[in-house]
Amino acid sequence: MPALTINAERLWESLMTMAQIGATPKGGVCRLALTDEDREARDLFVQWGKDAGCAVDIDQIGNIFLRRAGSEPDLPPVMTGSHLDSQPTGGKFDGVYGVLAGLEVIRTLNDHGYVTRHPIDVAARTNEEGSRFAPAMVASGVFAGEFSLDYGLSRTALNGVTLGQELDRIGYAGERPCGGQAVHRYIEAHIEQGPLLEAEACVIGVVQGIQGQRWFDCSIQGMESHAGTTPLPHRRDALLGACCMVQAVRDAAVAHAPLGRGTEGQFIVQPNSRNVIPGRVDFSIDLRHPEDGPLITMVEAVREAMYRVCAEMGLSGDMHEIWHQPPTPFDSGCIDAVSRAASALGLASMSIVSGAGHDAKYLAQVCPTGMIFIPCKDGISHNEIEDASKADVAAGCNVLLQVLLDQAGSQR
Ligand SMILES: [Zn+2]
């Protein structure tokens, strides 16, 4: 019997339809968590789920679950999914691919009347990106028991509104308790968001795990003073100190090349006036590495740089860790299942470590977890030009189908 395959056209059309919600002029998507655009995307996903005969459930942090029943209702679900929210200048595939690939698997099983033993759940999780509410993946963190529900609901956007208030506003504060439920397996499909698969001409990335990451809120304080009258030796220029920290973060990553990553993505200068020496800069630091040892060394190097820069320039600095995610290795059984499915389908695959965080990071604390990566054009993501080919999108979904059938126990 030939392997069951998904409907590539239908999956592509669903992706393109979803991409119209929050579409940007440059071909990307702006669908920040819990905005009206996010609500619209959620509504469409829920409607599609109902059309596919799924039961729909929403938990207290707004995670949406579609369930396709299995033949043994007491068995825990095999779960897949990802997120529908995007970065402000995001693309059409990040997150939404994993959600709609899961839906396409359900539609395909419906088409062919397949019955699985375990139920299959497709989840769309709240605020994965962390752009509007830090930290990222907060709702999967609550689901996994890493954060309390109160912590998740009290995350606050720059305009002062909380995640909980926005959930209420858009009507997605559900009643189901968040987490505390058995999950048999979690398998998430996602674009790679990096250049490795494309460079190796591989269609499928067999994800071994997720690299560790540590996030810091930092500030450097100096003294505001007149740009014309303050001699250089008298200046306490907070921006100059912050710029030295940009270099220090870069140096820490370079010292652990090629796997180390260091980024200062946010910079808020006060008073931000062209003829006033900056008195204060608030900025973020994001450090990542697949192994804990090097990551700790990078953090130490950056902390030391902060002390040194501030001491040398008469500044005071603060570096406050707001998030620490150790590296997450995935389950060997799930890794094998992805690898087997790719070879059974004749798809070129390779082992890969995820450079980005994903919902799978927290799910791995709850149940055996794996991920499937597909290439994205030039490795570009978190950008409106993010792109993936229809063939690769279909290939990843076919692998997901095989893995879910494998894990859910198929019977015809
Ligand atoms: Zn994502």
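In this label model, His324 and Lys390 are separated by 4.9 nm, measuring between points 7 Å along each Cα→Cβ vector. Here the peptides 356-362, 376-382 are ranked by packing, the mean other Cβ count within 10 Å, and the order with the highest first is 356-362, 376-382.
Label-to-label distance for Leu196 and Leu259 is 1.0 nm, based on points extended 7 Å past Cα in the beta-carbon direction.
The residues Phe267, Phe133, when put in order of fewest to most other Cβ atoms within 10 Å, stand as Phe267, Phe133.
Here the Gaussian network model covers the chain, with springs between Cα atoms less than 10 Å apart; of Val105, Val29, Val281, Val281 fluctuates the most.
Exposure proxy shown here: for Arg31, Arg250, Arg185, Arg125, the number of other Cβ atoms within 10 Å sets the order, fewest to most, as Arg250, Arg185, Arg31, Arg125.
With r as the distance between the Cβ atoms of Arg10 and Arg308 and R0 = 35 Å, compute the FRET efficiency 1/(1 + (r/R0)^6) and round to 0.05. E between Arg308 and Arg10, to the nearest 0.05, is 0.05. Annotation: the residues Arg261, Arg68, sorted from fewest to most other C-beta atoms within 10 Å of their own C-beta, follow the order Arg261, Arg68. Each label point was placed 7 Å from the Cα along the Cα-to-Cβ direction; for Gln181 and Glu291 their separation is 3.9 nm.
Only the coordinates and a few stated rules stand behind these numbers; no lab work does. Please read these numbers as outputs of a predicted model, since none were measured by experiment. Using ideal geometry, Cβ is built from the backbone for each residue, glycine included, and neighbour counts are taken over all protein chains shown.
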